[in-house]
Structures are given as structure tokens and as C-alpha cells.
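The values are calculated or read from the model by the stated rules, or taken from the named source; none is laboratory data. For clarity, every value in this text was computed on a predicted model and none was experimentally measured. Backbone-built Cβ (ideal geometry, glycine too); neighbour counts: all protein chains shown. Calculation scope for accessible area: heavy atoms of the full protein, side chains included, ligands and nucleic acids excluded. Shrake-Rupley method; radii C 1.70, N 1.55, O 1.52, S 1.80 Å.
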Amino acid sequence: RILTLSQPITMKTEISFQSADHTFRIFGDLYFPDDFNENASTLLPGILIVSGSGPMDRNGNAPTMKLNTSNRFAEHIVSSRSAERAIAVISYDKRGTGKSMKKDDKNLYYRAGMMDLVADAIEAVKYLASDPRIDRKKIIVLGHSEGAIIMPLICKGVIESGLEPVFGCIFYCGFGENVKDAMDLQADAVKKEIRELTGPKGWILRTVASEEKIDRQRKDFFDKVNGPDEPDFISMQCGLVKQSAKWIREHCEFNAQECLAQNISCHCLAITGCKDFQVRDEFCKPEVAHGLVPKALSIEVHRPTNLTHALRSSEGPSKILDINKDYTKMGKLPLDGEVLSITDAWLDKIVFEGDTVASAR
């Protein structure tokens with residue numbers, strides 16, 4: 001099911017705030033409903049979007065992959081809700097992407113570690129909380145993929161910064177997951193698909209990308225990442241490809257589930273699709289989810305049958321070898337209607353109706 005926008009977006013304003021280390025500015029967009037009354041006394045809840053891994057900008061796009069996740073979500077939220085249940089949304093260019101650049105540092109993105117991204121997200125919460133139109137006691141953080149994985153660190157940092165605790169967390173495609181296991185999962189999926197692929201294409205791939213070669217390349221990769229000099233980033237393929245080594249090391253040392261259990265004490269919504277081959281959906285089983293966030297005020301979980309990591313559904317088989325082709329097509333489509341409907345209902349219940357009863361599906 002596809003939801004369409006009911007009206008144009010007219011109140012999108014570019015904003016900026018200091019990076020966590022105060023060496024450059026981070027740019028993004030702040031969305032308000034187009035009929036919002038600036039002079040009204042009512043404060044709006046706010047949602048901060050924290051994007052997934054990779055050089056993602058404020059729209060949820062990377063240079064080679066246009067997914068349009070953040071902008072489509074923001075446009076839906078501010079255009080489809082009634083004035084009495086309006087919500088503002090903020091998204092931003094990750095450091096080293098879009099306009100969030102540092103003068104004379106072309107490798108800013110590649111130097112960033114996991115904790116740098118967490119710190120920048122906390123600065124974004126500070127910015128949103130400082131807006132006089134926003135109810136700072138009702139700020140929700142929505143994390144997609146890596147954004148969902150680092151969510152408990154953001155919640156912890158918000159409290160340590162002296163801000164009001166995060167009111168709610170929305171985990172899209174990353175609840176209970178960690179990056180190292182996700183990388184292993186994806187590598188196993190690649191090997192399985194190559195092993196099962198028939199015809200000339202299968203023979204060629206098994207010749208040039210045997211399981212032994214894949215395993216050897218991964219070992220060499222992690223040996224470089226964990227080199228004695230602990231580089232911020234590494235170069236591969238004759239310098240044509242760069243990868244943040246600091247980011248991988250910090251993620252490999254991060255115990256995501258322990259951090260979830262210790263630092264998530266708000267209302268939670270977690271959605272991971274059954275056709276998501278980049279992370280595991282098993283953590284969104286009710287009996288598992290409640291154990292992962294024992295301090296949460298409430299937890300609602302969903303595992304849509306056809307939902308992919310790109311937040312669109314796929315009726316056919318979902319294959320990791322077709323990721324670039326499939327995601328390119330999906331990025332041109334609206335976000336999955338079921339995901340948006342679930343999220344809207346949860347926002348109504350938790351933010352506006354004050355329902356604190358935990359539920360799960």
C-alpha cells in the first residue's frame with residue numbers, strides 16, 4: 001500500500017549547528033506543517049532523523065545511492081497530520097557529506113568514528129530542543145539502520161548533556177543489531193547467493209569470487225582496519241576506495257544489546273522487515289524485544305512480511321546481489337505505506353494520547 005502526500009511542503013528551512021568538536025557547522029532541514037501558526041502558543045513535538053551508514057545526506061541519499069528516506073519521511077509527517085497532532089522534523093547532512101564540510105579536510109567523512117556520529121546527533125537534539133516552537137520534553141529520535149544501532153548511545157548522551165530525556169525512539173531496520181554481525185550476515189548472504197546461482201553468471205561469479213577469496217579479502221580488510229597504527233581510514237583498490245577504519249573499530253567494540261538494556265528507558269517503536277537481508281528481523285519478535293529493552297516505558301514491534309532495508313516493500317525475492325539495481329528503483333518510490341501507518345498510529349498513541357501500555361505484534 002502506498003501513501004501519497006496530501007499537500008505541498010512549504011515550511012522547510014535550512015538550519016545549521018555546530019559540530020560536536022566545534023570545528024565546523026552541520027547543515028540540515030527543519031520541516032514544519034505548512035499551516036503552522038508561528039504566533040501560536042502550542043509547542044510541537046519534534047522528530048530527529050539519524051540516517052544509516054555511509055555518506056548519507058539530509059535526504060537519506062548517498063552519492064551512488066538515492067534512497068530518499070529522510071526527506072520522504074519528513075514530508076509525510078508534516079503534510080499528513082491534523083493541526084492538533086502536528087509534528088516538526090529535522091534531518092541533517094552527516095559530517096563530510098552535503099554542506100556539512102570542514103575547510104581543507106576532504107577526508108572528513110572517512111575520519112569520522114561511530115562516537116563522532118553519536119556526538120553530532122546529540123548536538124542535533126540540542127538544536128531541536130533550543131527551538132522555541134518545539135516541546136523539548138517531547139523529542140523523538142528516529143534511527144534508520146546504523147541510526148537505530150547507535151540510538152542508545154544518543155539517549156545516554158542526551159541525558160549526560162543535561163537535556164530532557166528523549167521521549168521516544170523509533171528504530172527502523174536496526175533494533176538489537178550491531179554492525180559487525182550485520183557485516184557477517186551480509187557476507188554470508190553474498191556467498192549463499194553465489195553458491196546457489198545457476199547458469200553462466202553463477203559459474204563466472206564462483207570463479208572470480210569464490211568463498212575462499214571472499215573470506216581472504218575480509219580477513220585482509222580487518223587486518224588493515226586493526227593495524228598497529230590504528231588509522232582513521234584505509235585505502236583500497238589502489239587508492240580508489242576509502243573506508244573509515246576508526247568507525248569499524250568502534251562499532252566492533254560496541255555492545256549494542258548491552259547498551260540498549262542500560263540506556264533505553266522511553267517509549268519505543270521497532271520495525272524490521274522480513275525481506276531485510278542487511279540486518280536480522282528476529283529482534284523484533286515480541287518475546288525477544290521486551291528482553292532487549294527491560295527499562296523501556298513501552299515497546300511495540302513489527303516485522304512486515306515484504307519490507308526491505310530501503311523502507312520499501314518487495315513482492316519478489318530480495319537478493320543482496322541485486323542491491324544496487326533494486327535500491328535504485330525503490331528510491332524513486334514513496335516509502336512503504338504500512339511502515340508509515342504503523343508509525344503514525346504509534347505517534348498518535350504515545351505522543352498525543354498518552355498511552356503508556358506496552359504492546360507488541
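Residues in the stretch 279-288: is at least one in a loop (DSSP other than H, G, I, E, B) and over 26 Å from Met114 (Cβ atoms)? Break it down into steps so the answer makes sense when it comes.
Initially, the stretch 279-288 is screened for residues in a loop (DSSP other than H, G, I, E, B), giving 279-281, 285.
If we keep only those that are over 26 Å from Met114 (Cβ atoms) too, we end up with 285.
Yes - at least one qualifying residue is present in the stretch 279-288.
Can we say Ile154 is of a type outside the set (D, E, K, R) and closer than 17 Å to Gln262 by Cα?
Working: of a type outside the set (D, E, K, R): yes; closer than 17 Å to Gln262 by Cα: yes.
Answer is yes for this residue.
Tell me, please, whether a residue that is in a loop (DSSP other than H, G, I, E, B), among the small types (Gly, Ala, Ser) and modelled with pLDDT of 95 or more can be found in the stretch 315-330.
Restricting attention to the stretch 315-330, the residues satisfying the condition of being in a loop (DSSP other than H, G, I, E, B) are 315-319.
Now narrow it down to the ones that are among the small types (Gly, Ala, Ser): 316, 318.
If we keep only those that are modelled with pLDDT of 95 or more too, we end up with none.
No, the conditions are met nowhere in the stretch 315-330.
Need a quick list: helices (runs of 4 or more DSSP H) entirely within the stretch 168-227 having at least 1 residues that are acidic (Asp, Glu) and open to solvent by 40 Å² or more (accessible area, probe 1.4 Å). Lay out the reasoning, then the answer.
Numbers: elements: 179-196, 199-208, 211-225.
Helices (runs of 4 or more DSSP H) meeting the threshold: 179-196, 211-225.
Would you be able to say whether some residue in the stretch 150-163 is open to solvent by 30 Å² or more (accessible area, probe 1.4 Å), touching an Asp or Glu at 6+ places or on another chain (Cβ under 9 Å) and touching a residue at least 40 places away in the same chain (Cβ under 8 Å)?
So far as the stretch 150-163 goes, no, none of its residues is open to solvent by 30 Å² or more (accessible area, probe 1.4 Å), touching an Asp or Glu at 6+ places or on another chain (Cβ under 9 Å) and touching a residue at least 40 places away in the same chain (Cβ under 8 Å).
For the condition aliphatic (A, V, I, L, M) and free of Cβ contacts under 8 Å to residues at least 60 places away in the same chain, what is the one hit in Val339, Val293, Val301, Val351? I'd like the intermediate steps shown before the answer.
Values: Val339 fails: free of Cβ contacts under 8 Å to residues at least 60 places away in the same chain; Val301 fails: free of Cβ contacts under 8 Å to residues at least 60 places away in the same chain; Val351 fails: free of Cβ contacts under 8 Å to residues at least 60 places away in the same chain.
Only one candidate qualifies: Val293.
Any residue in the stretch 87-100 that is closer than 13 Å to Phe24 by Cα and open to solvent by 10 Å² or more (accessible area, probe 1.4 Å) sitting within a Cβ distance under 8 Å of a residue that is part of a loop (DSSP other than H, G, I, E, B) and among the hydroxyl-bearing types (Ser, Thr, Tyr)? List the pairs, counting only those 6 or more apart or interchain.
Close Cβ pairs satisfying both conditions: Lys94/Ser51; Lys94/Ser100; Arg95/Ser19.
With the requirement that a residue be open to solvent by 10 Å² or more (accessible area, probe 1.4 Å), hydrophobic (A, V, I, L, M, F, W, C) and at pLDDT 75 or above, what does the stretch 25-43 give you?
Phe27, Phe36, Leu43
Every residue in the stretch 228-262 that is part of a loop (DSSP other than H, G, I, E, B) and either more than 16 Å from Tyr110 (Cα to Cα) or open to solvent by 80 Å² or more (accessible area, probe 1.4 Å) (or both), please. Write out each step before concluding.
The initial filter retains those residues of the stretch 228-262 that are part of a loop (DSSP other than H, G, I, E, B), namely 228-232, 237-240, 254-255.
Answer for the stretch 228-262, where residues must be part of a loop (DSSP other than H, G, I, E, B) and either more than 16 Å from Tyr110 (Cα to Cα) or open to solvent by 80 Å² or more (accessible area, probe 1.4 Å) (or both): Pro228, Asp229, Glu230, Gln237, Cys238, Leu240, Phe254, Asn255.
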